[in-house]
1. Check residue B:164 against each of (1) out of contact with any Ser or Thr (no Cβ under 7 Å at 6 or more places or on another chain); (2) modelled with pLDDT of 85 or more; (3) within 14 Å of chain A (Cβ to nearest Cβ) and name the one condition it does not meet.
2. Determine whether residue B:190 is at pLDDT below 75 and either over 30 Å from the mean Cα position of the chain (by Cα) or not assigned by TED's automatic domain parsing to the domain that holds residue B:88 (or both).
3. Residues of region A:144-157 being over 20 Å from residue A:59 (Cβ atoms) and in contact with a helix residue (DSSP H, G or I) (Cβ under 9 Å, 6 or more places away or on another chain), which ones?
4. From A:152, A:185, A:211, which residue is modelled with pLDDT under 95 and either part of a loop (DSSP other than H, G, I, E, B) or in contact with a Cys (Cβ under 6 Å, 6 or more places away or on another chain) (or both)?
5. Go through A:205, A:195 for me and flag whichever is more than 16 Å from residue A:107 (Cα to Cα) and in a helix (DSSP H, G or I).
6. Give the residue that is farthest from the other protein chains (Cβ to nearest Cβ), with candidates limited to residues of region A:152-197 that are more than 22 Å from residue A:126 (Cβ to Cβ) and among the acidic types (Asp, Glu).
7. Could we say that residue A:6 is at pLDDT 90 or above and either away from chain B (no Cβ under 14 Å) or over 23 Å from residue A:153 (Cα atoms) (or both) here?
8. Here's a check for you: in region A:118-149, which residue that is part of a loop (DSSP other than H, G, I, E, B) and touching an Asp or Glu at 6+ places or on another chain (Cβ under 8 Å) is farthest from residue A:175 (Cα to Cα)?
Amino acid sequence: MMKKELKIKSNKTNQQKQKRTNPLANVFDDFIDFCQSKSLFMLHYCTGCGAIELPPAMTSRFDMERLGIQPMVTPRQADILLVTGYVSVKTLKRVILTYEQMQAPKYVIGICSCTVNGGMYWQSYATAKKLNEYMPVDVYIAGCMPRPEAVLEGLNRLKNNIKNDRKEQKGSAWKDYYKNYDYYLGNQQNLFGKEWQTPVDVIAEAKLYGLEGEGTYGENTKKLKMVQHPLLPQEMKL
Amino acid sequence: MSLESLNEILNKINTIKITHKHKRRIRVDVKADSLTTLLELIKGQASFLHLSAITCVDWIEDNQFELVYHVWSYEENCLISAHTRIDRDDAKFVTVYDLYKPADFFERDIYEMYGVFFIGSPRMEKFILTEWFGMPPMRKDFDSEAYVQETFNWTEYNPDWLQELSDQGGGIAIKPEDIRLSGTLHNKATHREREKAKKEHVVGKGWKS
């Protein structure tokens, strides 16, 4: 019973969003987006050499804090996931686990050429090439490595995307992960094997956010159901 | 210990070939069956207590793997590199774990990267490449580029501003698309030929140890 009621409620709220007629409501939405773009917490996952450009960007030389962006220690409280540098297949697993732990709305920035195309590791068997095959990426900052000015430029662009999200629909790449989960999961399974499974139930989250689409389900999510086993707490042993 | 007495110890093995590269650096070539005897000798009688590394070289033309054991003595300040060769098709060798404990990691690494099985080594399992299911990637017959072509996609990026720049005579001299495949820059292979070459590559998938 509870579940059914919840479903009806969420449907109602979706309809309400579409049928808003109060002119002040739009103003309020813009205000929310404005506030959101002014307060971002960043989790920098320093996979490669691009991380060396972050200390000057964060500290007093270029000072990221004047843009309202601060480093954050846990993925659960972070808004931005900054992937700096090449992502090896082994690291990619951890990046995906980190990304799925973050709470929506969440944004991904890929720094350096390696996240675009593998960069100088294009011929390496151990490096994943395109980051946006495995998770939706908002902004790429190309360069080997990009200067702190370029990093700040990319962050500014992300801020503008978030601010103008309702007009241009650019700052909501994270919704794509729920809408096209089957595509992303398929690419992940190609690398990690068919038994790949994360602790986060993405499909349930998609239902919660009301972001289910045709791409959420597919052949790859069927495989997921085959191998999925309930996650139990680990035994404590001394 | 003088150099002569060290030579005396080394010469106890019949098939040995000693090369003095430097007074602190000795290269030793032995047959595979007498390598453990040599290590035991220099550890027990000549204070070579530290196994720095085990290296593997793939000599695909000779159909052989070369194993190099680097052993260091803190008393002599001298490094002995013991070279030995084993058959490539039947890549097995005996472990030296009972002599040198760090050999565990080196042997695991070589097993993963070259597929040389060390008999008696305590943990012959995956070490670093836990997400890898293909053939050992450091072997010379593994074509990394062909594997990448088959597994991953390439991002095309041709923005307008770059086109404008190159129209004015600037831009990038060598496009990344042209040097993506090794040798294409010099051969100037056309796209069709590249596609053909892609199909003909044999990637070592489904390799079994």
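The values are calculated or read from the model by the stated rules, or taken from the named source; none is laboratory data. Just so it is clear, the model here is predicted, and its values are computed rather than measured. Don't worry about glycine lacking a Cβ; one is built from the backbone with ideal geometry, like all the others, and counts go over all protein chains shown.
1. (3)
2. Working: at pLDDT below 75: yes; either over 30 Å from the mean Cα position of the chain (by Cα) or not assigned by TED's automatic domain parsing to the domain that holds residue B:88 (or both): yes.
Considered against the rule, which asks whether it is at pLDDT below 75 and either over 30 Å from the mean Cα position of the chain (by Cα) or not assigned by TED's automatic domain parsing to the domain that holds residue B:88 (or both), residue B:190 comes out as yes.
3. In the first step, residues of region A:144-157 are kept if they are over 20 Å from residue A:59 (Cβ atoms); the result is A:144, A:157.
Passing the criteria: only A:144.
4. On the way: A:152 fails: either part of a loop (DSSP other than H, G, I, E, B) or in contact with a Cys (Cβ under 6 Å, 6 or more places away or on another chain) (or both); A:185 fails: either part of a loop (DSSP other than H, G, I, E, B) or in contact with a Cys (Cβ under 6 Å, 6 or more places away or on another chain) (or both).
Result of the check over A:152, A:185, A:211: A:211.
5. Values: A:195 fails: in a helix (DSSP H, G or I).
Answer to the check: A:205.
6. Restricting to residues being more than 22 Å from residue A:126 (Cβ to Cβ) and among the acidic types (Asp, Glu), the top hit is A:165.
7. On the way: at pLDDT 90 or above: no; either away from chain B (no Cβ under 14 Å) or over 23 Å from residue A:153 (Cα atoms) (or both): yes.
Taking the combined requirement at face value, the residue does not satisfy it.
8. Filtering region A:118-149 down to residues part of a loop (DSSP other than H, G, I, E, B) leaves A:118, A:122-126, A:129-130, A:134-138, A:142-147.
Still in the list and also touching an Asp or Glu at 6+ places or on another chain (Cβ under 8 Å): A:123, A:136, A:145-147.
Details: A:123: 32, A:136: 8, A:145: 29, A:146: 28, A:147: 30 Å.
Among those residues, the one meeting the criterion is A:123.
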